[in-house]
Each structure stands twice: as C-alpha cells, then as structure tokens.
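Bear in mind that the values in this text are calculations on the coordinates, not laboratory data. Quick caveat, the model's predicted, so the values are computed rather than measured. When we count neighbours, we look across all protein chains shown, and the Cβ atoms used for this are built from the backbone with ideal geometry, even at glycine.
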Amino acid sequence: MNHFKPISRLTGIVLAWGLLAGAASAADLRYAHVGAEGDIQTIYAAEASAEIAEATGGAVTVQVYPASQLGGVAEMVDGVRMGSISMGHHDFASLARIVPEVAVFNAPFIYRDGAHSLAATDPATSPALQAINERLVAEGGVRIIGRIYRGARQISSNFEVKSPADLSGKPFRAVPLDLWVSMVKGFGAVPTPVEVAELPTALMTGLVVGQENPLTMISANKLYEVQSHVAMTAHMQSVLAVFINEEIWQGLEEEQRQAITEVLDKKAQESLQWATESEAELVEELKGHGMTVVTEAEGLDIAAFRDSVLAQIRTDFPDYATYIEQIAAVE
C-alpha cells in the first residue's frame, strides 16, 4: 500500500522545504485538520503545503497542523472564521453553522461515484457549490477553494450488520453534525456524537457499538483493534471541503490564488486516484487484522439502507431538494 506509507512522500516534502528555506515569505498560512497520520487527507495536506510553496516561489508558505492539534472540528471552523487559523479542511457539513445547506455535499446516496463527487464539488464549475460559496463568504467570511476525496464511507461495528434492523436502538457514533445525526437515525441506530480523536476509546468502552468512515480512516486509526466487522454500504462518497478565511484569501495576490487553486485541483484528482487504488488492498488488510467484511454477496441489504436513510434525509432537510437536483445534473 505505497500510497499510505508516507515515508517517501515526506522525504520529497522535506527536500522541497529545504529548497525554499531561504525564500522570503509574503504569507504564512496556518492549515488545520483533524486527520490522523497515514490518512489520505493528511497526505493531501502535507503534499499541498510543499507544492504551494514551490508553485509560489516561497511567497506563500503553509504550516500544517494535523490530528486536531488546534482543536476539534468546531474550534477549527471558528478559527478559520476569525482568521486565527488561515485554512482547514473537513466535511462540507462542518460549515453548516454558517450556511446549513452546505451539508448537502456530504448527503448520502447523491453521487454516482468518486469522479462525480469531485466534479459536483468543483468551486470553479459546480453551480450548486458556487451558489453556496457566495453565501459562505457573505455570511461567514469563509470560502471553499478545494476538495479532497477519501473514498466511500463504510460501517464498522463489533457485530455483523446487514440491514438497519441490526442497528435498531443501538448507540452508534455520529459525526457531531446535523446531517450525520439524521443519517444515523436512518441507519436505525441511536446517534451518539463523538469527536474523531475520542473515537477509539468510545468504541473500546462501548459508549458506541459502531461508526462509519472510509476504509483509509478505519485502517489509519487502527479501528480493527476495537471493531470486528465492516459492512460495505458505501453510503457516502467521502468528500472534504478545503476552506480559507476570505480576508486572508483576498489578501493574497491574484497569481498566488491561482497557483494555490491549481495545486488543490491537482491534489483533488490525486486523492481520487489514491482512494480508488487502495480500496481493494485495504479490504484485504482489514481482513488480515481479523475483521469480517460483509458485502451484498454475504447478504448486506444496501437498498434497505438507501431507502431508510433517504427517507430520513428528505424529512429532516427539505431544503436540499434543489441542490440535489443540481448535483445530479453535473456530468
């Protein structure tokens, strides 16, 4: 699994920084996220940092703070709004306190595949995202400038799950955002908000019996040590928004903004490639760690999950309808 062993990548990053060490810095950006070492999002941020410095001739440097070093999701978003943190990335729904409808980009069962998810979240071409971005800038002083593909999200648990009935009444980890709470209700479970840094402990102690995330995250966070099963529901194409403080963004020169955008677009496509290539390998890796992987061939009822979850989303988020239509229309 070469893409998720970052030693060679980090060597290149160190070399890039070394070449630029003497360059004068016109802008020093603080970039925060909650991802763990080895996750696609962590590799993305580290490589984007080095490539932005190179693309701007060292005029823009990016210091990355991974693994919740600057706080959880809420603290990170608030920091970007205030400008104490320049930029960050997380699920689109993390910005829903500014514009509630932005969470539609994380809604389950709305993308055809990973490539469609990136096309539908392109800040330069997606009508739905452009409309919401205008509101984010006006109402929160935050702008989405890129995205990351992490793969399809799957359910892990400490028992076999084949349908929503198997999760009925059980405490299940929900990302502490309204969309995830609604989705977990659609799973049939009891939503229990847990920050990602606290997730392994919550699973180990039984505070929650399961969670959902891309296989990359399940592997990187060693959840196989506290979970026995993975249900391949692929209920979400996991796409993260890369966002920046608008005042800081406008303070950069146009050429610098263009260079940053080009780097982030390139890294978005690379993240899709990493995730696509790694999924089969990750399934075998998790099996090797003792996890049982349940697919439709083993009786997983994806249609039951889709019907139940979408019914819950339609009930809880009627304002998503127009945006979902726009997303579906993107080629």
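Details
- Filter result (surrounded by 20 or more Cβ atoms within 10 Å (Cβ to Cβ) and in contact with a helix residue (DSSP H, G or I) (Cβ under 8 Å, 6 or more places away or on another chain)) within segment 124-139: Ser126, Ala128, Leu129, Ile132, Leu136
- Within segment 69-83, restricting attention to residues that are under 21 Å from Arg257 (Cβ atoms) and either charged (D, E, K, R) or outside any helix (DSSP H, G or I) (or both), the residue that is nearest to the chain's Cα centre (by Cα) is Arg81.
- The residues listed here are Glu254, Glu225; of these, the one that is surrounded by fewer than 17 Cβ atoms within 10 Å (Cβ to Cβ), within 30 Å of Ala26 (Cα to Cα) and more than 15 Å from the chain's Cα centre (by Cα) is Glu254.
- Residue match in segment 87-97 (condition: aliphatic (A, V, I, L, M), crowded, with 18+ Cβ neighbours inside 10 Å and part of a loop (DSSP other than H, G, I, E, B)): yes
- Every residue from segment 265-287 that is more than 13 Å from Ala152 (Cβ to Cβ) and aliphatic (A, V, I, L, M): Ala268, Leu286
- Contact annotation: no residue pair with Cβ atoms under 6 Å, 6 or more positions apart or on different chains, pairs a residue in segment 65-88 that is in contact (Cβ under 8 Å) with a residue 12 or more places away in the chain and within 17 Å of Ser49 (Cβ to Cβ) with a partner that is surrounded by fewer than 16 Cβ atoms within 10 Å (Cβ to Cβ) and among the basic types (Lys, Arg).
- Residues that are over 15 Å from His89 (Cβ atoms) and either outside any strand (DSSP E or B) or of a type in the set (S, T, N, Q) (or both) within segment 134-159 comprise Glu134, Arg135, Val137, Ala138, Glu139, Gly140, Gly141, Gln154, Ser156, Ser157, Asn158, Phe159, listed in sequence order.
- Annotation note: Cβ proximity below 6 Å between a residue of segment 310-331 that is farther than 17 Å from Met236 by Cα and a residue that is assigned to a helix (DSSP H, G or I) and polar (S, T, N, Q) (sequence gap 6+ or interchain) occurs for Asp316/Ser182.
Residue-wise test of (1) crowded, with 19+ Cβ neighbours inside 10 Å; (2) on the phi < 0 side of the Ramachandran plot; (3) touching a strand residue (DSSP E or B) at 6+ places or on another chain (Cβ under 6 Å).
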position: Ala268; (1), (2), (3): yes, yes, yes
position: Gln273; (1), (2), (3): no, yes, no
position: Leu282; (1), (2), (3): yes, yes, no
position: Gly288; (1), (2), (3): no, yes, no
position: Val294; (1), (2), (3): yes, yes, yes
position: Arg314; (1), (2), (3): no, yes, no
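- Each residue in segment 26-47 was checked for being buried (at least 23 other Cβ atoms within 10 Å of the Cβ), among the aliphatic types (A, V, I, L, M) and either in contact with a strand residue (DSSP E or B) (Cβ under 7 Å, 6 or more places away or on another chain) or not in a helix (DSSP H, G or I) (or both), and 4 of them qualify.
- For first residues located in segment 219-248 and at positive phi, partners that are of a type outside the set (Lys, Arg) and surrounded by 20 or more Cβ atoms within 10 Å (Cβ to Cβ) and lie 6+ apart or on another chain with Cβ distances below 7 Å form the pairs Ala234/Ala152; Ala234/Gln154.
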